[in-house]
Amino acid sequence: MSVPSPRTLCSELATALRAELAGELGAHRGRDHVGADGGRGEGGDVTFAIDERAESLMESFLAERAPEVAFYSEDRGMVRPTNRDPSWVLIVDPIDGTRPALAGFESACVSVAAAPLEGEPTMGDVAAGCIVEIKSGAQFTAERGAGLQPTPRLSRNARLERMFWSYGLRGRPARLTVEVLAELIDASSVGGATFDLGSATYDMTRVATGQLDAYVEPGPRMVADLPGVRAEFERVGDGAVLNNSPYDLAAAVLCLEEAGAVVTDGYGQPLAPRPLLGSGADFQISCVTAANRDLHGKICAAIDAGIERLAALSG
């Protein structure tokens, strides 16, 4: 059996997962909590029945189609093929946006990225990625240095008061997070718009389509910068810190970089050096994705001010 290229394998797996899951959108049977450790996956989040179905399909697909490839997924963690020395690893989030999927909404995606498995790969090593919207079937594919398909349509807006943007509150302490984002929320609440769509991958691909100007996720920076904040994240996360892990962002970061958007962490620093394989608080990544550099700079400045404001309020 011929070995597919990384880009082809990403697309084939994402398409197969979407075909398995499309009929399950909105089905209440998918809301059951399953698995060991009280229904918690490798990343600390709840494993729903629909998540387990997706993970099982992924395992069987790769065992048949690419048994020589390793994978890292949200619920399984790192899985290496038996008696083989893999040269590639797939970073898979079978459902990014599980809760929107369970509600039957469109903001749920399959995310698959591929990187050479040499030493300890980083976000900058991701060579190919594919994102498929589960409800619509719309697909985004990218290969490093080869651009994004379909052709991106980035917004030219650089004004905070006209900004259409998204953020996420799942598992985050709402009062603290909103304080950090308050300047952005207030500035854009009338002349622009804010959204919590439930999926980082969907949020970021909306920047590529021009529907949104930005996606902002400051959680890991809050945990790193402010003593005491981690305890609040753990309280809301039922003992776990729940922010974006590399498997949430790997394919989306490549797609948006290839689209020409600006993608950094919450400090405005590149994501390329960040470890690719891992989950939990030590691996989680803050993220600012903006359609252009002017808007990105203004967002980062607002986050800086928000962190300082929260620090002063919390003492």
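Things worth noting here:
- Residue in the range 134-149 that is open to solvent by less than 60 Å² (accessible area, probe 1.4 Å), touching a helix residue (DSSP H, G or I) at 6+ places or on another chain (Cβ under 8 Å), closer than 20 Å to ALA301 by Cα and hydrophobic (A, V, I, L, M, F, W, C) present: no
- Any pair with Cβ under 8 angstrom, 6 or more apart, that starts in the range 172-193 at a residue that is under 13 Å from ALA214 (Cβ atoms) and ends at one that is acidic (Asp, Glu) and open to solvent by less than 20 Å² (accessible area, probe 1.4 Å): GLY192/ASP213
- Where PHE105 falls short, out of the listed (1) touching a strand residue (DSSP E or B) at 6+ places or on another chain (Cβ under 9 Å); (2) assigned to a loop (DSSP other than H, G, I, E, B); (3) modelled with pLDDT of 95 or more: (1)
- Selection count, the range 254-313, where residues are closer than 18 Å to SER188 by Cα and at pLDDT below 95: 0
- Matching residues in the range 1-19 - criterion: being at pLDDT 95 or above and open to solvent by 50 Å² or more (accessible area, probe 1.4 Å): ARG7, THR8, GLU12, THR15, ARG18, ALA19
- Members of the range 194-235 that are more than 9 Å from SER166 (Cβ to Cβ) and among the aromatic types (Phe, Trp, Tyr): PHE233
- Pick from the range 49-70, criterion without any contact (Cβ under 8 Å) to a residue 40 or more places away in the chain and over 21 Å from the mean Cα position of the chain (by Cα), ranking: most open to solvent (accessible area, probe 1.4 Å): GLU64
- All of (1) modelled with pLDDT of 90 or more; (2) closer than 23 Å to MET123 by Cα; (3) buried (at least 22 other Cβ atoms within 10 Å of the Cβ) hold for GLY43 with one exception: (1).
- Each residue in the range 71-89 was checked for being of a type outside the set (Val, Ile, Thr) and over 20 Å from the mean Cα position of the chain (by Cα), and 8 pass.
- You will find that of GLY171, GLY124, GLY119, GLY129, the residue that is modelled with pLDDT under 95 and closer than 19 Å to SER245 by Cα is GLY171 and no other.
- Filter result for GLY228 (more than 18 Å from VAL132 (Cα to Cα) and open to solvent by 30 Å² or more (accessible area, probe 1.4 Å)): yes
- Residue in the range 120-129 that is of a type in the set (D, E, K, R), in contact (Cβ under 8 Å) with a residue 60 or more places away in the chain, over 14 Å from LEU254 (Cα atoms) and open to solvent by 40 Å² or more (accessible area, probe 1.4 Å) present: yes
- Among the residues examined, CYS255 qualifies as in contact (Cβ under 8 Å) with a residue 60 or more places away in the chain, farther than 25 Å from ALA182 by Cβ and open to solvent by less than 10 Å² (accessible area, probe 1.4 Å).
- Within the set ASP238, ASP248, the sole residue that is out of contact with any Pro (no Cβ under 9 Å at 6 or more places or on another chain), among the acidic types (Asp, Glu) and either open to solvent by less than 10 Å² (accessible area, probe 1.4 Å) or more than 23 Å from ALA146 (Cα to Cα) (or both) turns out to be ASP238.
- Filtered residues of the range 101-115 (kept if open to solvent by less than 40 Å² (accessible area, probe 1.4 Å) and touching a helix residue (DSSP H, G or I) at 6+ places or on another chain (Cβ under 8 Å)): ALA101, LEU102, SER107, ALA108, CYS109, VAL110, SER111, VAL112, ALA113, ALA114, ALA115
- Residues being closer than 22 Å to LEU148 by Cα and in a strand (DSSP E or B) - total across the range 260-315: 7
- Taking the criterion of being out of contact with any Phe, Trp or Tyr (no Cβ under 9 Å at 6 or more places or on another chain), outside any loop (DSSP other than H, G, I, E, B) and closer than 16 Å to GLY77 by Cα, the residues of the range 231-249 that qualify are ASP248, LEU249.
The values are calculated or read from the model by the stated rules, or taken from the named source; none is laboratory data. Quick caveat, the model's predicted, so the values are computed rather than measured. Cβ atoms come from the backbone with ideal geometry, glycine included; neighbour counts cover every protein chain shown. These accessible areas exclude ligands, DNA and RNA; they are computed on the full protein's heavy atoms, side chains included. Shrake-Rupley method; radii C 1.70, N 1.55, O 1.52, S 1.80 Å.
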